[in-house]
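Here the structure comes first, spelled out in structure tokens, and everything after it is commentary.
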Amino acid sequence: MKELNIENLRITIGDQEIVRGLTLRVPRGEVHALMGPNGSGKSTLAKVLAGHPDYQVTAGKVLMDGENLLELEPDERARRGLFMAFQYPSEIPGVTIANFLRAALQSRLPEGEELEATDYYARLYEKMELLGMDRSFTSRSVNEGFSGGEKKRAEILQLAVLEPKYAVLDETDSGLDIDALKTVAHGVNSLRGPDLGILLITHYQRLLNYIVPDYVHVMVGGRIVRSGRKELALELEERGYDWAREGAVEPAFR
Ligand code: ADP
Ligand code: MG
């Protein structure tokens, strides 16, 4: 039951059905890669998990540790332990990373409970140490003039500090530069563990050279066409998405 359970999910936008019966389970403690060609609906799935209002869920359900995620408001999903990478605000001039993260943590506490400054900085610096990040980074303004790698650093630090139960990382199809790629990989590899389930969405096999997932799922045309262990990513690299699509069986995955 400690899992993010997506069952037979169907998502439409306008009159177009984009996700067409998707079933996927991410238990806590595992890293699942979701791969697929451009336009297969990966980001649409991520946006619906985050609670984006433009998309309609027409069938299926999403349970987080048994709880119906889709009936919760976006901020409530976050408070219950769902982390979405792309939700990081684009730029907040004048707000330092340290203060931003503090506010984010504070907002997740029950009403009336105060986050002590000393506790907060202890936690922040402990996470930075774990991630091998320089402390001076937290005095920068959020995303202001950040390189791709620095944006990813801020995102990974946020993930570390918030300690969610599940993280959905949607890596853009435009690709990551090598610094950003290594930051994400190092971050995920440092943070993966029994308390965190990770859904790593990527178009790029290359990322999986650095992060070895427990399971790989291939999404084509709005549904999972293949699931397997890490070797599936290599096979996919060799044979391409057309192979994955051909002769694919219905999601007979656990
Ligand atoms: P992926 O992330 O796998 O590349 P997306 O989820 O971004 O795929 O897109 C899947 C399909 O849904 C595409 O055909 C895209 O054009 C369509 N789509 C996504 N968002 C919207 C939107 N807001 N309005 C119209 N069509 C959309
Ligand atoms: Mg996408």
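Worth a mention:
- Scan of region 173-195 for residues that are in contact with a Phe, Trp or Tyr (Cβ under 7 Å, 6 or more places away or on another chain) and not in a helix (DSSP H, G or I), ordered by number: G175
- Residues satisfying the stated conditions in region 222-247, i.e. over 20 Å from G21 (Cα atoms) and of a type outside the set (D, E, K, R): L232, A233, L234, L236, G240, W243
- A residue that is more than 14 Å from ligand 1 (Cβ to nearest atom) and within 27 Å of G148 (Cα to Cα) cannot be found anywhere in region 7-28.
- Filtered residues of region 48-69 (kept if within 11 Å of ligand 1 (Cβ to nearest atom), surrounded by 13 or more Cβ atoms within 10 Å (Cβ to Cβ) and either at pLDDT 95 or above or over 18 Å from L199 (Cα atoms) (or both)): V48, Y55
- Filter pass, A33 being more than 9 Å from ligand 1 (Cβ to nearest atom), among the aliphatic types (A, V, I, L, M) and within 28 Å of V184 (Cα to Cα): yes
- Selection status of L162, among the aliphatic types (A, V, I, L, M) and at pLDDT 95 or above: yes
- Selection over region 228-244 of residues that are under 19 Å from the mean Cα position of the chain (by Cα) and either crowded, with 20+ Cβ neighbours inside 10 Å or assigned to a helix (DSSP H, G or I) (or both) gives a count of 1.
- Failed criterion for R123 (all others in (1) out of contact with any Ser or Thr (no Cβ under 9 Å at 6 or more places or on another chain); (2) surrounded by fewer than 17 Cβ atoms within 10 Å (Cβ to Cβ) hold): (2)
- Output for region 36-46, where each listed residue is more than 6 Å from ligand 1 (Cβ to nearest atom) and at pLDDT 95 or above: L45, A46
- Strands (runs of 3 or more DSSP E) completely within region 32-128 that count 3 or more residues being under 30 Å from R206 (Cβ atoms) and touching a residue at least 12 places away in the same chain (Cβ under 8 Å): 82-84
- When G21, G39, G51 are checked against the criterion of being away from ligand 2 (no atom under 16 Å from the Cβ) and more than 18 Å from A167 (Cα to Cα), G21 stands alone in meeting it.
- Number of positions in region 12-31 that are on the phi > 0 side of the Ramachandran plot and assigned to a loop (DSSP other than H, G, I, E, B): 2
The values are calculated or read from the model by the stated rules, or taken from the named source; none is laboratory data. Given the structure is predicted, the values throughout are model-derived calculations rather than measurements. Cβ coordinates were reconstructed from backbone atoms using ideal geometry, including for glycine residues, and neighbour counts include every protein chain displayed.
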